[in-house]
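The values are calculated or read from the model by the stated rules, or taken from the named source; none is laboratory data. Bear in mind that the values here come from a model prediction, so they are computed numbers and not experimental data. When we count neighbours, we look across all protein chains shown, and the Cβ atoms used for this are built from the backbone with ideal geometry, even at glycine. What goes into the accessible areas is simple: the full protein's heavy atoms, side chains included, and nothing from ligands, DNA or RNA. Shrake-Rupley method; radii C 1.70, N 1.55, O 1.52, S 1.80 Å.
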Amino acid sequence: MSSGKRSAGLLLFRTTSTGGERDVEVLIGHMGGPFWAGREEAAWSVPKGEYGPDEEPAAAARREFEEELGVPVPDGVWLPLGESRQRSGKTVTVWAVQAELEVASVVPGTFTMEWPRGSGVQQEFPEMDRFAWCTPEQAAELLIVGQRVFVKRLRAQVRGEAAASPET
């Protein structure tokens, strides 16, 4: 059963060269809060967030990037990477932007939740607690499963491969 929820995000990338072949590195973030603490594999995400029916996906992607990283979206062409349906039923739409960003400049946004559960104590946690530039192979291990396809699509576009289509 679909949750009907939708998220949109931006995946920053920079191009590299491996053995003479163009490649990419992507900027991803480790999800913050107690649930993700101590986890690495499948605990990282594209900076993204939910949006409602009255907001355009691209506007939500820009807003969420700025909220989660605390820096403006770098200038650049937005490359559509299409949609992916997550295990939760949420549909995620992602664009890629080629840009450099110093991880040290990031000031993550925060959220508040009751922790420990049932304690009545409200604590503040970063939405994303750290960021890293990763190769596609590293991202394939770190990203939550439903977002790995975006890195694959981006890599194919950068390399000019047939699999560049967002529907792939």
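Some notes on this structure:
- Positive contributions from Lys and Arg (+1) and negative ones from Asp and Glu (-1), summed over other residues with Cβ under 14 Å from the Cβ of Glu68, come out at -2.
- Cα gyration tensor category, rounded, prolate or oblate, for segment 91-136 with a/c compared to 1.5: prolate
- Spin-label zone in segment 53-76 - amide nitrogen under 14 Å from a point set 7 Å from the Cα of Gln98 along the C-beta vector: 75-76
- Comparing Gly49, Gly38, Gly82 in a Gaussian network model of the chain, where Cα atoms under 10 Å apart are tied by springs, the biggest mean-square fluctuation is seen for Gly38.
- For the set Arg148, Arg117, solvent exposure ranked by accessible area (probe 1.4 Å, protein chains only) runs largest to smallest as Arg117, Arg148.
- Across Ala43, Ala104, Ala60, mean-square fluctuation computed from a Gaussian network of the chain (C-alpha pairs under 10 Å connected) peaks at Ala104.
- Solvent accessible area, Å² - Thr15, 1.4 Å probe, full protein context: 50 Å²
- Loop-located GluC sites (Glu not before Pro) across segment 5-105 with a Cβ neighbour count of 12 or fewer within 10 Å are Glu40, Glu41, Glu100, Glu102, with loop assigned by DSSP.
- Here the chain has 52 percent of its accessible surface on carbon and sulfur atoms, given a 1.4 Å probe and all protein chains in place.
- C-alpha center-to-center spacing [segment 1-34, segment 115-140] in angstrom: 16 Å
- Structure-derived mean projected area of the Cα convex hull in nm²: which label, when the choices are (i) 10.9; (ii) 10.3; (iii) 8.4: (i)
- Å² per residue, accessible surface of the chain at 1.4 Å: 52 Å²
- Net length gained if the chain between Ala42 and Glu124 were fully extended (0.36 nm per residue, minus Cα distance): 27.2 nm
- Dividing the summed -39500 (n - 2.57) terms of all DSSP H runs of n ≥ 4 by the residue count of the chain sets its mean residue ellipticity at 222 nm at -5500 deg cm²/dmol.
- Between Val77 and Arg63, residue separation times 0.36 nm minus the direct Cα-Cα distance comes to 3.4 nm.
- Nearest-10 value in Å² for the accessible area of Val149, using the 1.4 Å probe: 40 Å²
- If you sort the three axes of the alpha carbon gyration tensor as a ≥ b ≥ c, you get a/c of 1.5 or more for segment 64-103 and a/b no higher than b/c, which makes it oblate.
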